[in-house]
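The values are calculated or read from the model by the stated rules, or taken from the named source; none is laboratory data. Remember, predicted model here, so these are calculated numbers, not experimental data. Every residue, glycine as well, gets a Cβ built from its backbone with ideal geometry; the counts of neighbours run over all protein chains shown. Each accessible area value is taken on the protein alone, full model and side chains, heavy atoms only, with ligands, DNA and RNA left out. Shrake-Rupley method; radii C 1.70, N 1.55, O 1.52, S 1.80 Å.
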Amino acid sequence: MSDSTKHLGIETLCIHGGHSADAHRAHLTPLYASSTYTFDSVEQGVDIFLGKEPGYIYGRFGNPTITEVERKIALLEAFGLKDANGEALQLYAILHASGMAAITTMLLSNLKAGDKIITHPSLYGGTQEMIDKVLPGLGIATVIVDMHNEEELRTIISSDDSIKMMYLETPANPTLQCIDLKRLSAIAQEHHLVVCVDNTFCTPLLQQPFAYDVDFVIHSTTKFLNGHGTAIGGILLGRDAGRMNSDVKKMHRLLGANSNAFDAFLLTNGLRTLSLRMERHCANAMKVAQFLNSHPKIQTVNYPGLVTHPHHHIAKAQMKDFGSLMSIELKGGFDAAASFMNKLKVCTNAVSLGTCDTLVSHPASTTHVGVSPELRRSSGISDGLIRMSIGLETAADIIADLEQALS
Ligand SMILES: *Cc1c(COP(=O)(O)O)cnc(C)c1O
């Protein structure tokens, strides 16, 4: 696969990457709706089970429709990158039932009781709840620090041997703060920490964390990768074949965290247009951010593409474009935010992000309602904060809708 794809552009890989010819010459990989797979002989069954012969066994372990999308995303995330020997970087991907399932497999296959994770404030709400409420019960604690203070970060890591993993999200949800992947990954490596990056907001088209030698990348494929809001999914990518094929694969299978043929089919189809969609997402978001930034009723616009954003320089250095996510703070707090959201006509009031249509949500009452008010406040999630995922509609229509809702 990697040999035949070496010289192809990323747009071509979005469309053709990961595809293998179908036995019945179907143009698109069909939905393999089969829970189990047959063996010609007892001996063949043994060989497939032991991995001596390639082949499918049971739907919880894998499925040809799923394999196509795993290979496609691995090619995109590795695009143009080299391994330590200067060869094209090879990544291994496992599709999951959801982004949270991918995160859970990654956490549980890398950490044990007594270990700690180091991370920053303002994570995805589900991830935050997982590390706050579930992992402590398993004896896994979390240290939350401001990753911009590198001196403090180094001091904390070097004074605590039980810190085993660094978990990063950039830009972070929903405040769009960015962190420097190159510097942080280097600090983590000095201390032999496992590094995992949630790359959901960027997709491999805008940011490739494996360029900085991180160990794992996860995506909620529910968002931009699917792009049409038709299925929940998550992918876990790793660079270490041994680890991915042993502990990580085992955890995925035993948790029953597998995806299914239909969701994988929808995801493959969505990925075909990813490059076009990301271009338009970014272009529209920049126009909307500029409009909102000069509107008298808006207090703050958090968009990494604006030169006024405190982390614009970080975003510029590690992202190819600035993405479609932004958050805004209206003058007038919660009441102003509620009145604005209730007046929207073109934009949709819904959680989630990365779909063709513009989605607007209120984190304090929805995605982050499970996060304690103190942690919400310290993470910059005020009661009036609104998050927007700018879609692919005509930019002027999105702006006109926001303008009438603000008036
Ligand atoms: C949605 C999301 C997740 C969780 O993914 P699910 O598919 O909903 O389980 C994780 N991280 C980020 C940044 C997300 O936006």
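How many angstrom lie between the C-alpha centres of region 209-243 and region 256-333?
Cα centres, region 209-243 to region 256-333: 17 Å.
Given 0.36 nm per residue, what is the gain on full extension from S41 to F334 after removing their alpha carbon distance, in nm?
98.9 nm
Picking from L138, L205, L392, which is most flexible by a Gaussian network model of the chain using Cα springs under 10 Å?
So, out of L138, L205, L392, the one fluctuating most is L138.
Between V134 and N269, with labels modelled 7 Å along Cα→Cβ, what's the label distance in nm to one decimal, could you check?
Taking the simple label geometry, V134 and N269 are separated by 3.0 nm.
Would you calculate, for the chain, the mean residue ellipticity at 222 nm contributed by helices, counting each DSSP H stretch of 4 or more residues as -39,500 (n - 2.57) and dividing by all residues, to the nearest 500?
-10500 deg cm²/dmol
Please find the FRET efficiency linking I57 to E279, where r is the Cβ-Cβ separation and R0 is fixed at 51 Å, and quote it to the nearest 0.05.
With R0 = 51 Å, the Cβ-Cβ based efficiency is 0.80.
For the chain, with a Gaussian network of springs between Cα atoms less than 10 Å apart, report the residue from F291, F201, F224 with the top mean-square fluctuation.
With Cα springs under 10 Å in the chain, the top fluctuation among F291, F201, F224 is at F291.
Scan the chain and note any complete DSSP helix (H) whose C-alpha atoms cover at least 24 Å along its axis and whose Kyte-Doolittle average is -1.0 or more.
Helix filter hits for the chain: 274-293.
Would you mind calculating the relative contact order of region 351-395 from Cα pairs under 8 angstrom and at least 6 residues apart, reporting the percent as a whole number?
In percent, rounded to a whole number, it is 55.
Can you compute the equivalent ellipsoid semi-axes for region 1-79, i.e. the square root of 5 times each eigenvalue of the Cα gyration tensor, sorted largest first and rounded to whole Å?
27, 14, 11
Whole number in Å², please: accessible area per residue of region 275-406, 1.4 Å probe, ligands, DNA and RNA not counted.
With the other protein chains kept in place, region 275-406 gives 42 Å² per residue.
Taking K and R as +1 and D and E as -1, what net charge do the other residues with C-beta under 11 Å from the C-beta of A405 add up to?
That works out to +1.
Treating the Cα atoms of the chain as identical point scatterers in vacuum, please give the log10 of the normalised Debye intensity I(q)/I(0) at q = 0.12, 0.13 Å⁻¹, two decimals.
Once normalised to I(0) and log-transformed, intensities are -0.97, -1.13.
Can you give me the % of accessible surface on region 315-407 that is carbon or sulfur? Probe 1.4 Å, all protein chains present, nothing else counted.
On region 315-407, the fraction of accessible area on carbon and sulfur atoms equals 56 percent.
Take the Cα of D383, step 7 Å along the line toward its Cβ, and report every residue of region 339-362 whose backbone nitrogen sits under 14 Å from that point.
339
Note down the net charge around C282, summing +1 for each Lys or Arg and -1 for each Asp or Glu among other residues with Cβ under 11 Å from its Cβ.
Neighbour charge sum, excluding C282 itself: +2.
Rounded to the nearest 0.05, what FRET efficiency do S365 and E150 give with R0 = 35 Å and r taken as the Cβ-Cβ distance? Could you check?
Once the sixth-power term is evaluated, E becomes 0.50.
What percent of all Cα-Cα pairs in region 275-406 falls into each 10 Å bin, going from 0 up to the bin containing the maximum distance?
That works out to 13, 45, 36, 7, 0, in percent per bin.
Please report, to one decimal in angstroms, the Kirkwood hydrodynamic radius of region 14-135 built from all distinct Cα-Cα pairs.
That comes to 17.8 Å for region 14-135.
Using R₀ = 35 Å, calculate the FRET efficiency as 1/(1 + (r/R₀)^6) where r is the Cβ-Cβ separation of F49 and L8; round to 0.05.
About 0.55, to the nearest 0.05.
Please report the net charge: other residues with Cβ closer than 15 Å to the Cβ of I381, K and R +1, D and E -1.
Neighbourhood net charge equals -3.
If the elastic network links every pair of Cα atoms under 10 Å, which of N342, N258, N226 fluctuates the most in the Gaussian network model of the chain?
Per the Cα network of the chain with a 10 Å cutoff, N342 tops the list.
Which length gain, in nm to one decimal place, applies between E87 and A317 when the Cα-Cα distance is subtracted from 0.36 nm times their residue separation?
Computed gain between E87 and A317 is 80.4 nm.
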